[in-house]
Amino acid sequence: MWKIGSALFAGVVLASAASPLLADADADADANIRAQFKKLMPEETIQSINKTPVSGVYEVVMGAEVIYVSGDGRYMVQGRMIDLKDRKDLTEPRRAAARREAVDQVGEDNMVIFAPDKYDHTVTVFTDIDCGYCRKLHREIADYGAEGIRVRYVFYPRAGVKSESYKEAVAVWCSDDRQTAMTNAKSGKKLEAKSCVNPVKAHMALGESLGISGTPAIVLES
């Protein structure tokens, strides 16, 4: 079932500025599509509307989603557009760009970052404090740093907002030293319960919009 998850925008603004209108000949299509989505899904934000190689069909980017809509705003298609002649997936590069932009717009001020003095690559990791493989990854965090890889953590407690994992994520975020708190929590140490303004729910909603179902989920620069 098709689902758009812009509830992720609560707390952390991820929507980019409105994109420029299409060429004058396509202004009607732009207006039709925006009007239809405003009527049916007023909570959603359209990042961009672009032409596709198929006449009368337009690419609509909403958060990390890429869908296709007819110029009159009546028909919507969810799935991949494939150029059969060139055997080329036209959708996945656009989805990758949308995912990357959605993650980057969280802002590094809203992440827990482990960075060596010099690094060549950055990965973003959706993590659950109590996830076994997440803990294994974190035990090797120094090795990643030695290889020139910077790790940006965002929280994804899979059991939900009432879980102990969620409370631990909030406690990490609200700690004076988040890196140390993250390491302690992932090593099984009990953190003092704390409360403060935090981005954990926004991280979770972003993960849901990206289709993340397990952790650690790693988003590469590409």
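Just so it is clear, none of the values below were taken in a lab; they were calculated from the coordinates. Keep in mind that this is a model prediction, so the values were computed, not measured. A quick note on method: Cβ atoms are made from the backbone with ideal geometry, for glycine too, and the neighbour counts reach across all protein chains shown.
A few remarks follow.
- Using the empirical formula 2.2 N^0.38 Å as the baseline, the Cα radius of gyration of region 22-64 reaches a ratio of 1.13.
- Charges were assigned to the Cβ only: +1 to each Lys and Arg, -1 to each Asp and Glu. The resulting dipole of region 155-222 about its Cα centre is roughly 220 debye.
- Computed over the chain with a Gaussian network model linking Cα atoms closer than 10 Å, the most mobile of P42, P157, P199 is P42.
- The residue among T183, V123, Y144 whose Cα reaches farthest toward the positive pole of the charge dipole of the chain, with charges on the beta-carbon of Lys, Arg, Asp and Glu, is T183.
- Paired Rg and Dmax values of region 73-222, which use every Cα atom, in angstrom: 17.4, 60
- Residues with amide H under 5 Å from that of M62, placed H, sequence gap 5 or more: Q47, I67
- Using the Karplus relation 6.51 cos²θ - 1.76 cosθ + 1.60 with θ = phi - 60°, the per-residue 3J(HN,Hα) values for region 46-58 come to 8, 7, 7, 10, 9, 5, 10, x, 8, 4, x, 10, 10 Hz, with x marking Gly and Pro.
- Efficiency of FRET from Cβ geometry, S55 and D104, R₀ 30 Å, rounded to 0.05: 0.35
- Within the chain, the longest segment free of exposed loop sites, counting chymotrypsin sites (Phe, Trp or Tyr not before Pro) that fall outside DSSP classes H, G, I, E and B and have at most 15 other Cβ atoms within 10 Å, spans 120-222.
- DSSP-loop GluC sites (Glu not before Pro) across region 156-205, with at most 10 other Cβ within 10 angstrom: E192
- Region 129-192 and region 61-84 have Cα centres separated by 37 Å.
- Base-10 log of normalised Debye intensity for region 169-209 (one unit scatterer per alpha-carbon) at q = 0.13, 0.15, 0.23 Å⁻¹: -0.29, -0.37, -0.75
- Given charges at beta-carbon only (K, R positive; D, E negative), |dipole| of the chain in Debye: 640 debye
- According to the Cα-based calculation, Rg over Rh for region 37-146 is 1.11, with Rh computed by the Kirkwood formula.
- Seen from every direction in turn and averaged, the convex hull around the alpha carbons of region 88-155 projects onto 5.8 nm².
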